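This report concerns only the one structure given below.
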Amino acid sequence: MPVYKFNPLEDVRWSTFLDTQPRASVFHATSWLEALRKTYGYEPVVYTNSPPGQELTDGIVFCQVKSWLTGRRLVSLPFSDYCEPLLSDPESSAAIFGALRKDSNQQRWEYVEIRPLETLNGTAIQFEPLETYCLHELDLTPDLETLFHSFHKDSVQRKIKRAARENLAYSEGNSKELLRHFYGLLMLTRRRHSLPPQPLTWYRNLIDSFGNALKIRVAYNGLVPVAGILTLQYKNKMVFKYGCSDPAWNRLGGTHLLFWNSIQEAKAKGLQAFDMGRSESTNTGLITFKKRWGAARVDMTYLKYSHLGSSPGLVNFEPDNWKVRMARKVFSHAPSRVLSVVGTLCYRHIG
């Protein structure tokens, strides 16, 4: 069975195809792909069994990461929590995965990586487990009162009520001022985790690509920003993608206010789910936080194929060697300007 490739930013069939796919997510969307291309230079490509000019019946979207530092690889998709292969049947799936293995061998990619939300039931032959994560999603079909009372009484309900008593101010949108306040909080959070932030241009490009489907939400104590989150709306879901806060004010419940306001807005728009995003399987604190909102957990396993056999996994800042530990120690004390420059220089090599 022949396999074809095309650029989804140049072929209108991709967006039309996504409209028909219940498993399509915000990470498949051309808005996300365009932001990746503009920020990091990643060129997207779709592998499909559908010939040029014919209606699409399947497809897996990738980005080509070309780095002198971390090597050349094909990833579906960089900086994305998950990206489900949109496949139709075992025969066509086998053809696409076979083409990926062949291209990897011929072009000498370090590896091909896919991030499925669901298990692929043996169709991804020779693709091995890479990393394990979990996703939490809140069902929005119950009414608001039922949703609120399903939240953990002490850890969530009480925090939302505390934010109301403290008269925290709330602002939403995608203005330059909101982005500035959000990015300042993000800098604090990333330094706390000994990591550089993604470049400011990434967030600007997301805003340009998604428009009003993207909202930055910031909670204020008076005029002081205390917490911020970034959400994306796609089809019948609202997706939480980034969050940050000033730990000096965490006791006021700013983050809980932002999540609750997002949930209420999603309900008002008739959306069906609130995607609370990916967590590392070892991050028990974050997993517990999401569980206390009543969100259901789905475990995900990323997969990779490499002609090299055993090859490096995801390129990240995990403290697996002394060099990374040393770098993270420097990050924790670096000035904001230095952290921002480091993020701008390094993230394009990580995707």
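The values are calculated or read from the model by the stated rules, or taken from the named source; none is laboratory data. Please read all numbers here as calculations on a predicted model, not as lab measurements. Please note: Cβ atoms are built from the backbone with ideal geometry, for glycine as well, and neighbour counts cover all protein chains shown.
Quick check, is residue 111 out of contact with any Asp or Glu (no Cβ under 9 Å at 6 or more places or on another chain), outside the structural domain of residue 261 (by TED's automatic domain parsing) and surrounded by 14 or more Cβ atoms within 10 Å (Cβ to Cβ)? It is true that residue 111 is out of contact with any Asp or Glu (no Cβ under 9 Å at 6 or more places or on another chain), outside the structural domain of residue 261 (by TED's automatic domain parsing) and surrounded by 14 or more Cβ atoms within 10 Å (Cβ to Cβ).
Looking only at the range 41-55, count every residue that is surrounded by fewer than 22 Cβ atoms within 10 Å (Cβ to Cβ) and hydrophobic (A, V, I, L, M, F, W, C) and tell me the total. Qualifying residue count for the region: 1. A single member of 147, 117, 138 is in contact with a strand residue (DSSP E or B) (Cβ under 9 Å, 6 or more places away or on another chain), assigned to a helix (DSSP H, G or I) and within 21 Å of residue 275 (Cβ to Cβ), and it is 147.
Does residue 188 qualify as being outside any loop (DSSP other than H, G, I, E, B), surrounded by 15 or more Cβ atoms within 10 Å (Cβ to Cβ), at pLDDT below 95 and touching a Phe, Trp or Tyr at 6+ places or on another chain (Cβ under 6 Å)?
Values: outside any loop (DSSP other than H, G, I, E, B): yes; surrounded by 15 or more Cβ atoms within 10 Å (Cβ to Cβ): yes; at pLDDT below 95: yes; touching a Phe, Trp or Tyr at 6+ places or on another chain (Cβ under 6 Å): no.
Considered against the rule, which asks whether it is outside any loop (DSSP other than H, G, I, E, B), surrounded by 15 or more Cβ atoms within 10 Å (Cβ to Cβ), at pLDDT below 95 and touching a Phe, Trp or Tyr at 6+ places or on another chain (Cβ under 6 Å), residue 188 comes out as no.
Per the conditions (1) within 25 Å of residue 26 (Cβ to Cβ); (2) in contact with a strand residue (DSSP E or B) (Cβ under 6 Å, 6 or more places away or on another chain); (3) of a type outside the set (S, T, N, Q); (4) buried (at least 19 other Cβ atoms within 10 Å of the Cβ), the sole criterion not satisfied by residue 66 is (4). Going by what's in this entry, would residue 285 be described as under 18 Å from residue 152 (Cβ atoms), outside the structural domain of residue 25 (by TED's automatic domain parsing) and touching a residue at least 40 places away in the same chain (Cβ under 8 Å)? When the stated conditions are applied, residue 285 does not pass them.
Identify, from the list 88, 76, 80, 93, the residue that is in contact (Cβ under 8 Å) with a residue 24 or more places away in the chain, surrounded by fewer than 16 Cβ atoms within 10 Å (Cβ to Cβ) and under 17 Å from residue 23 (Cβ atoms).
Details: 76 fails: surrounded by fewer than 16 Cβ atoms within 10 Å (Cβ to Cβ); 80 fails: surrounded by fewer than 16 Cβ atoms within 10 Å (Cβ to Cβ); 93 fails: surrounded by fewer than 16 Cβ atoms within 10 Å (Cβ to Cβ).
Unique residue meeting the criteria: 88.
How many residues does the range 84-108 hold that are among the basic types (Lys, Arg) and either assigned to a helix (DSSP H, G or I) or not assigned by TED's automatic domain parsing to the domain that holds residue 57 (or both)? I'd like the intermediate steps shown before the answer.
To start, the set of residues in the range 84-108 that are among the basic types (Lys, Arg) comprises 101-102, 108.
So of that shortlist, the ones also either assigned to a helix (DSSP H, G or I) or not assigned by TED's automatic domain parsing to the domain that holds residue 57 (or both) come out as 101-102.
The qualifying residues number 2.
Inspect the range 71-83 for any residue being touching an Asp or Glu at 6+ places or on another chain (Cβ under 8 Å), over 20 Å from residue 211 (Cβ atoms), assigned to a loop (DSSP other than H, G, I, E, B) and of a type in the set (Lys, Arg) and give the result as yes or no. No, because not a single residue in the range 71-83 is touching an Asp or Glu at 6+ places or on another chain (Cβ under 8 Å), over 20 Å from residue 211 (Cβ atoms), assigned to a loop (DSSP other than H, G, I, E, B) and of a type in the set (Lys, Arg).
Restricting attention to the range 104-159, the residues that are of a type in the set (A, V, I, L, M), farther than 22 Å from residue 72 by Cβ and under 24 Å from the mean Cα position of the chain (by Cα) total 6.
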